[in-house]
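Single-structure report; data block below.
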Amino acid sequence: MRITYITAGAGEMYCGSCIRDNALAAELMASGHDVELLPMYVPTLTDEENVSNNRVFYGGISVYLEQHLSVFRHTPWLLDRLWESPWLLRTVAGRSVQTRPERLGNLTVSVLEGHHGNQAKEIEKLLHWLKHQPKTDVVDISNSMLIALAKPLKETLQVPVCCTLQGEDIFLGNLQEPYRERALNLIEKSVPYVDRFLAVSKYCAEHMSQFLNIPREKIEVVPLGININGYTRRPYGKTDRFTLGYFGRVAPEKGVHILCEIYKKLRSTGKITSGALKIGGYLAHEHETYLSSILEQVRQWGLDSEVTYEGKLDRVKKIEFFNKVDVLAVPALYDAPKGLALLEAMACGVPIVVSRRGTYTELIEQTGGGLLIPPDNSEAFMEAIGQLVSDPIRREELSANGIAGVNSYYTTATMASRALAVYSDLVARASNSTLSVS
């Protein structure tokens, strides 16, 4: 089967959606399918082999210029190539990509307006390129903020069109009015042109059905999956030092500051007599002050030698990180749509303690690899971690559950198989429809 997958790059950030889309494409390719992974805005950044096309559509510079200077909406395509090269987009992405929804309302609405928006020329570039490629069987768009492509893709290519749902509601929900309402209305108008939506979790399917007013029967669940090759189990043995870990975006809504306070209390009460708290993951420019304030507070507590930020980590260093921690904890303050870091940690045998929120809930319930804590209850969170500190047998049990659960339910092979079943069904329906008409 030939599959065209359109994914949105996220600049210098290790984006969960980019990693998930790349992993799905790679697994489908390994299974013998012809997959074209097309990045939009900027090249994608992944922590495995990047299988995306070198060509970037809706180049971030072009999109910006077309939004703010009308002359660029009519410049020749050949001229546009000067600022659409991947190396230039990477350079700009590493310095000045703006991802805060509070500042991107007008641009988001313009992209969702499709041919009526300021980036109409970018649609024509994409369609022109696709028309000159071998005919695809199905197209999958990586998130609903690109749903304006559904109608022109369907009309031009005459193939089924899918749209993946994987957490864009957080961005959309934080748009300022009147842009938020306008964006949601535009998405709803494009829903009929999508043959099937693919949600990365049951939570995501139920939530997005209501949030975007999508008929639930149009949504299939294709669970997250990770490539488990190379994820080595943390060596367990007797040690007097307990290491707590956090991995993910370093941001207030992830509750990193809460985890630091919990660690302080565990140390001051003697539940952790010798320990460390290691923080790893992407730090956006707008959150540098947030992290600095946390580390300054830690210094005032006299724990700066124990609480450290390990930085943005690639795959190898990420596995090394997981192999150093006894428990991974995420006291999130919002309903998380994905949770790749939880799967990666469990694949290394690390027990998890997380808030009972969003997709986190089903990941832990399905695998049995961790403990779920009532939302916004730092005392219960602290108590759960404290119990695991003193109970290595329980940690070992959760470790074994996590490894088995990820291997059974959350591999790239399982993810690709579920996605392929949806694609195949749509292609068969389209073929039968064509035959009946002829």
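Here are some notes:
- Taking amide H as placed 1.01 Å from N in the peptide plane, Gly248 has its amide H under 5 Å from the amide H of Gly280, Gly281, Tyr282, each at least 5 places away in sequence or on another chain.
- In percent, rounded to a whole number, the relative contact order of the chain is 14, using alpha-carbon pairs under 8 Å and six or more apart.
- With Cα atoms, 0 to 90° folded angle of helix 179-190 axis to the chain main axis: 60
- FRET efficiency, 1/(1 + (r/R0)^6) with R0 45 Å, evaluated for Ser70 and Asp425 via beta carbons: 0.55
- Taking Cα atoms only, the orientation of helix 202-211 departs from the longest principal axis of the chain by about 50 degrees.
- Tilt relative to the chain, helix 378-389 - C-alpha long axis, 0 to 90 degrees, to 10: 70
- Gyration tensor verdict on segment 206-322 (Cα atoms; rounded if a/c is under 1.5, prolate if a/b is larger than b/c, oblate otherwise): prolate
- From most to least packed by mean Cβ count within 10 Å, the peptides 147-155, 122-130, 352-360, 424-432 give 352-360, 147-155, 122-130, 424-432.
- The calculated FRET efficiency for Gln158 paired with Glu288, based on their beta-carbon distance and R0 = 35 Å, is about 0.15.
- Dipole magnitude (debye, nearest 20) for the chain, charges at Cβ of Lys, Arg, Asp, Glu: 320
- Stretching Arg315 away from Lys131 to a fully extended chain increases their span by 62.6 nm, per 0.36 nm per residue minus the current alpha-carbon distance.
- Global form of the chain, assessed from the alpha-carbon gyration tensor, a/c cut-off 1.5: prolate
- 27 Å Cα-Cα threshold exceeded, pairs from Lys151/Lys312; Lys125/Lys317; Lys317/Lys338; Lys218/Lys338; Lys271/Lys338: Lys151/Lys312; Lys125/Lys317; Lys271/Lys338
- Amide H within-cut-off set for Ala332, under 5 Å, with H built and near neighbours excluded: Ser355
- If R0 is 25 Å, the Cβ-Cβ spacing of Leu333 and Glu177 corresponds to a FRET efficiency of close to 0.65.
- Projected onto its three principal axes, the C-alpha set of segment 242-410 covers 44, 35, 31 Å, listed from the longest axis down.
- Overall form of segment 232-298 per C-alpha gyration tensor (a/c, 1.5; a/b vs b/c): oblate
- The distance between label points at Arg233 and Met1 comes to 3.5 nm (points 7 Å beyond Cα on the Cα→Cβ vector).
Since every read-out is calculated from the coordinates, none of them should be taken as a lab result. From a predicted model like this one, the values you see are computed outputs, not experimental measurements. Cβ atoms come from the backbone with ideal geometry, glycine included; neighbour counts cover every protein chain shown.
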